[in-house]
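Data block below; observations after.
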Amino acid sequence: MEKITMAHGSGGKSGAELMARIFGKHFKNEILDKMEDAAVLEINGRIAFSTDTFVVTPTIFEGGDIGKLCICGTVNDLLMMGAVPKYLTCGFVLEEGLDVELLDKIVESMAATAKKAGVTIVAGDTKVVEGHGGLFINTTGIGIIPEGRDISASNCKTGDKLILSGTLGDHHACILSARMNVENNIKSDCAVLAPICNALFDGGIEVRTMRDVTRGGLGTILNEIARSSSVHINLEEESIPVSDEVSGFCGIMGLDPLYMGNEGKMIIVVPGEKAEKALELVRGTEEGKNAAIIGTVTEEKKASVTMTTRLGGSRIVDVLYGEGLPRIC
Ligand code: MG
């Protein structure tokens, strides 16, 4: 089995050969193929610009791999600002001993996901370091925000409704299961969220806020939104979708789905009177078919989150403290 060696990162012949054989083959496009020192892009108007680094282990998991994840993660962050994702760069840090066939598979998965998301990979870099055959990928992306679109965590108002696009905890539970050798059917929800965003915008919904529910989980993200908008948010525990399998897994492990990371779920805040229509549009997409209205913005000038429990009580939903599971994304 061919392995990555320090020579692949030397800037010499074997590095160039590897570039052509793997990155050149899968990422081929007009801008990248010019092989200049930097990509030259024509962009007009407001842009969203985001970066994220992916260190997940295992690198291949049920429902995805680090290649799919590193495209979804950055593309979704651009989408959450109402942007149309356009261009990505990617930086690879390869550890010596990495299986070349595995790298090829991951890069192929990146290319397929980028194609699906409608983004072009326009620049990249590779470094090789000593290590144990792993890899890390950074992706940075640019999206164009269409005129008139104003989406921000600070836009929420009293009476707004919160829509969660699907079940909580799938990605987190999947990675944790793999790491602990627990056999189950839990799959990562890793997905590009563009179909949901497009359905909402094409349907004429005035979206106030969108956030993908990643590291820190729903609890942490809603606290960030409550703080940005200076509002109080109340959730209805009963309406929060969690699959039976993830719910069972969380019960055994003592985990709370409210603080588990996803890679293909989002929270959408819309004016109360538009909530039913928005829900219908989200549910019309494959990615959002299990969506539900899970809460309401109830008060202004009070940045906090509570939840009405199944038994009718009320609990404070705080941010995640301390260590979540490391290397889930
Ligand atoms: Mg995000």
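The values are calculated or read from the model by the stated rules, or taken from the named source; none is laboratory data. For clarity, every value in this text was computed on a predicted model and none was experimentally measured. All Cβ positions, glycine included, derive from the backbone under ideal geometry; neighbour counts span all protein chains shown. Side chains included, ligands, DNA and RNA excluded: accessible areas come from the protein's heavy atoms. Shrake-Rupley method; radii C 1.70, N 1.55, O 1.52, S 1.80 Å.
Name every residue in the range 195-230 that is of a type outside the set (D, E, K, R), touching a helix residue (DSSP H, G or I) at 6+ places or on another chain (Cβ under 8 Å) and over 12 Å from V317 (Cα atoms), in order of residue number.
Here is the first cut: in the range 195-230, the residues of a type outside the set (D, E, K, R) are 195-201, 203-205, 207, 209-210, 213-214, 216-223, 225-226, 228-230.
Now drop any that are not touching a helix residue (DSSP H, G or I) at 6+ places or on another chain (Cβ under 8 Å), which leaves 196-197, 199-200, 203, 205, 207, 209-210, 213-214, 216-220.
Across the range 195-230, the qualifying residues are I196, C197, A199, L200, G203, I205, V207, T209, M210, V213, T214, G216.
Yes or no, residue by residue, for (1) among the basic types (K, R); (2) without any contact (Cβ under 8 Å) to a residue 40 or more places away in the chain; (3) not assigned by TED's automatic domain parsing to the domain that holds A123:
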residue	(1), (2), (3)
M1	no, no, yes
G11	no, yes, no
S14	no, yes, no
H26	no, no, no
I31	no, no, no
M35	no, yes, no
A39	no, no, no
E42	no, yes, no
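Just checking, does the range 207-222 include any residue being part of a helix (DSSP H, G or I), open to solvent by less than 10 Å² (accessible area, probe 1.4 Å), away from the ligand (no atom under 16 Å from the Cβ) and assigned by TED's automatic domain parsing to the domain that holds S247?
no
How many of the residues making up the range 79-118 are open to solvent by less than 30 Å² (accessible area, probe 1.4 Å) and within 16 Å of the ligand (Cβ to nearest atom)?
Counting residues in the range 79-118 that are open to solvent by less than 30 Å² (accessible area, probe 1.4 Å) and within 16 Å of the ligand (Cβ to nearest atom) gives 7.
Is at least one residue of the range 57-67 of a type in the set (A, V, I, L, M) and within 16 Å of the ligand (Cβ to nearest atom)? Can you show your working first?
Start the filter on the range 57-67 by keeping residues that are of a type in the set (A, V, I, L, M), which leaves 60, 66.
Cutting the leftovers down to within 16 Å of the ligand (Cβ to nearest atom) gives us none.
No, every residue in the range 57-67 fails to be of a type in the set (A, V, I, L, M) and within 16 Å of the ligand (Cβ to nearest atom).
For N76, work out the one condition from (1) closer than 18 Å to T126 by Cα; (2) within 16 Å of the ligand (Cβ to nearest atom) it doesn't fulfil.
(1)
Can you name every residue in the range 21-50 that is outside any loop (DSSP other than H, G, I, E, B) and open to solvent by 70 Å² or more (accessible area, probe 1.4 Å)?
Filtering the range 21-50 for residues outside any loop (DSSP other than H, G, I, E, B) gives 21-27, 30-33, 47-50.
Passing the criteria: R21, K25, E30, D33, I47, F49.
Do any strands (runs of 3 or more DSSP E) lying entirely in the range 226-326 carry at least 3 residues that are open to solvent by less than 70 Å² (accessible area, probe 1.4 Å) and either touching a Gly at 6+ places or on another chain (Cβ under 7 Å) or among the hydroxyl-bearing types (S, T, Y) (or both), and which ones are they? It would help to see each step written out before you state the result.
Details: elements: 231-236, 266-270, 292-300, 304-308, 314-316.
Passing ranges, in order: 231-236, 292-300, 304-308.
Suppose the filter is crowded, with 17+ Cβ neighbours inside 10 Å, more than 16 Å from the ligand (Cβ to nearest atom), modelled with pLDDT of 95 or more and not small (G, A, S); does F54 pass it? Spell out the reasoning first.
Values: crowded, with 17+ Cβ neighbours inside 10 Å: yes; more than 16 Å from the ligand (Cβ to nearest atom): no; modelled with pLDDT of 95 or more: yes; not small (G, A, S): yes.
Spelling it out, it is not the case that F54 is crowded, with 17+ Cβ neighbours inside 10 Å, more than 16 Å from the ligand (Cβ to nearest atom), modelled with pLDDT of 95 or more and not small (G, A, S).
Mind counting the residues in the range 158-183 that are in a loop (DSSP other than H, G, I, E, B) and open to solvent by less than 50 Å² (accessible area, probe 1.4 Å)? It would help to see each step written out before you state the result.
Taking the range 158-183 and keeping what is in a loop (DSSP other than H, G, I, E, B), we get 158-160, 165-169, 180-183.
Those still in the list that are open to solvent by less than 50 Å² (accessible area, probe 1.4 Å) too: 159-160, 165-169.
Qualifying residue count, the range 158-183: 7.
With the structure loaded, tell me whether S230 is among the polar types (S, T, N, Q), closer than 21 Å to I151 by Cα and away from the ligand (no atom under 14 Å from the Cβ) or whether it fails that test. Before the answer, list the steps.
On the way: among the polar types (S, T, N, Q): yes; closer than 21 Å to I151 by Cα: yes; away from the ligand (no atom under 14 Å from the Cβ): yes.
Here the answer is yes, as S230 does meet what is asked.
Going by the conditions given, is N155 at negative phi, open to solvent by 10 Å² or more (accessible area, probe 1.4 Å) and not assigned by TED's automatic domain parsing to the domain that holds N234?
Working: at negative phi: yes; open to solvent by 10 Å² or more (accessible area, probe 1.4 Å): yes; not assigned by TED's automatic domain parsing to the domain that holds N234: yes.
Yes: the conditions hold for N155.
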